[in-house]
Amino acid sequence: MALGRIIGTLAYLLDVPHRRTVRRNLRLAFPDWSAEKIRRTSKRVFQHLGATFVEICQLATYSKADVMARVRVVGVEHWQRALDGNQGLILVSAHLGNWEFGTQYTACFMQKPTLGVVKQIRFKPLNQWVHNLRTRFGINIIYKKGALPDMRQALRRNEVVGLLVDQSRRKESVDVNFFSHKVPATPAAAFLGLRCKSPILPIFCVREASGRLTVHVDPPLNIKWSGDLRADVQAATQQMTDAVERMIRKYPEQWFWLHKRWKKYYPHIYPEYQLRRQRRMAREARRERKVTG
C-alpha cells in the first residue's frame, strides 16, 4: 500500500493532462464539492491506482488459496442464489476498486465456466501479459468486438458472462444518466439479460480503509419485459448505471476518473481532447483530398 501510494503520488505530480481530466470529471460529477476537496480526491485517485498497480503485479504470483484469503464477500447469498439457477448468469462491474483482482476472485469462487468480455489493449506485449493474468484460473477471455454471439451461447449453456459497463463505444450504445449527466452506455448486458432471461448481478471489488479487498454483490437487477425491446434495454442499462454510480459515491477515489466519460455530450470540459480531435480530422481530410485529387 505504501509503495503504491508513492507511485500514485509521483504520477499525480507528473501526469498533468490526466490530473486535469480527473479534476474536471470530479467537478462535473460533484458540483457541490469545494476546490480543496476535488484536489484532495484527485490525489487519492492516483494513489489508489498506484496501489492497484502493485496489487496486480503481486496477483501474477498468487495461487488460488492466496486470492481467496485476500478477499471477503458481502452479499454472497445473492451470488449463490443466482449460480443455482439454470439460465446462465451475467456479472456486471466497473473500473472501480481493483477490478482485475475481483475477476480472479470470481474465477476461484465460482468453479463454473466463465466468459470475460474485455477491451483489447493496443500495446500488444502488455495485452498478452494481462490476458495471461486474467486466464490463469480458467476464465475464457474474448474481446468486445463481435462478442455478442459468444456471450449468448455461453448463457444458453448455463455459464457465466462478465463485463465492465462503465465505458462504451459511441456506435454501440444507449443513452443513460450518470451523475445527472447524459452519457452513452453499452447495452449488451441488458440485451442478453432480456433475450436469455438470465439474471444480471452487479458486483464490485473495492479496497477498504484497512487495505483489505471486499467484493460487494448486489441483488439481481429487477428487469422487466414490456414488449418494447429498445425501451426495456434502455431501462435495464440505466439500472446498471445506477448501481455503478451508487458504488462510486461510496468509494469516489477508487473509480477510473482518468477516462473522458462525458466527452460525447459535454466535450467542452475536455478542450485539449477536442483540439487534438479537430487536428486529426483535418489531417484525415487533407489526406483524403490528396487521394481523390
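Of Lys119/Lys171; Lys43/Lys171; Lys119/Lys182; Lys197/Lys263, which sit over 25 Å apart, Cα to Cα?
Numbers: Lys119/Lys171 15 Å; Lys43/Lys171 33 Å; Lys119/Lys182 22 Å; Lys197/Lys263 33 Å.
Going by Cα-Cα distance, Lys43/Lys171; Lys197/Lys263 fall outside the 25 Å limit.
Protein chains only, probe 1.4 Å: how do Ser210, Ser63 rank by accessible area, largest first? Working shown, then result.
Values: Ser210 100, Ser63 50 Å².
Correct descending sequence by accessible area is Ser210, Ser63.
Averaged per residue, what accessible area in Å² does the stretch 201-245 show with a 1.4 Å probe, protein chains only? Show your work: numbers first, answer last.
On the way: 1940 Å² over 45 residues.
Here the residues of the stretch 201-245 average 43 Å² of exposed surface.
Name the GluC sites (Glu not before Pro) in the stretch 178-269 that are in a loop by DSSP and that have at most 16 other C-beta atoms within 10 Å, would you?
Values: sites: Glu208, Glu245, Glu253; in loops: Glu208.
Taking the stretch 178-269 and a limit of 16 other Cβ atoms within 10 Å, the loop GluC sites (Glu not before Pro) found are Glu208.
What does the net charge come to around Leu164 if you take all other residues with beta carbon closer than 11 Å to its beta carbon, with K and R at +1 and D and E at -1? All intermediate terms of the calculation are to be shown ahead of the outcome.
Values: positive: Lys119, Lys144; negative: Glu100, Asp166.
With Lys, Arg at +1 and Asp, Glu at -1, the net is 0.
How large a share of the accessible area of the stretch 29-83, in percent, is made up of carbon and sulfur atoms when the probe is 1.4 Å and the other protein chains stay in place?
Accessible surface attributable to carbon and sulfur in the stretch 29-83 totals 55 percent.
Calculate how large, on average over all directions, the projected area of the Cα convex hull of the chain is; give the answer in nm² to one decimal. Walk me through the numbers before you get to the answer.
Values: hull surface 70.0 nm².
With every direction weighted equally, the projected area is 17.5 nm².
Let me check something: with ligands and nucleic acids excluded, how do Asp150, Asp15, Asp166, Asp84 order by accessible area (1.4 Å probe), largest to smallest? Please report the intermediate quantities before stating the final value.
On the way: Asp150 70, Asp15 45, Asp166 5, Asp84 115 Å².
Most to least solvent-accessible, the answer reads Asp84, Asp150, Asp15, Asp166.
Nearest 5 percent is fine: what portion of the DSSP beta bridges confined to the chain is antiparallel?
Numbers: 11 of 31 bridges.
Of all bridge pairs located within the chain, approximately 35 percent are antiparallel.
Tally up the carbon and sulfur contribution to the accessible surface of the stretch 214-258 as a whole percent, 1.4 Å probe, everything protein left in place. Don't jump to the answer; show the numbers that get you there.
Details: 1110 of 2140 Å².
About 52 percent, which is the carbon plus sulfur part of the accessible surface.
List the chymotrypsin sites (Phe, Trp or Tyr not before Pro) in the stretch 73-144 that DSSP assigns to loop (not H, G, I, E or B) and whose Cβ has at most 10 other Cβ atoms within 10 Å. Which are they? Please report the intermediate quantities before stating the final value.
Numbers: sites: Trp79, Trp99, Phe101, Tyr105, Phe109, Phe123, Trp129, Phe137, Tyr143; in loops: Phe123, Phe137.
Sparse-neighbourhood loop chymotrypsin sites (Phe, Trp or Tyr not before Pro): Phe123.
The values are calculated or read from the model by the stated rules, or taken from the named source; none is laboratory data. Just so it is clear, the structure is predicted and the values come from calculations on it, not from any experiment. No Cβ is skipped: glycine too gets one built from the backbone with ideal geometry, and neighbour counts run over all protein chains shown. The protein model used for the area step is the full one, side chains on, heavy atoms only, and it has no ligands, DNA or RNA in it. Shrake-Rupley method; radii C 1.70, N 1.55, O 1.52, S 1.80 Å.
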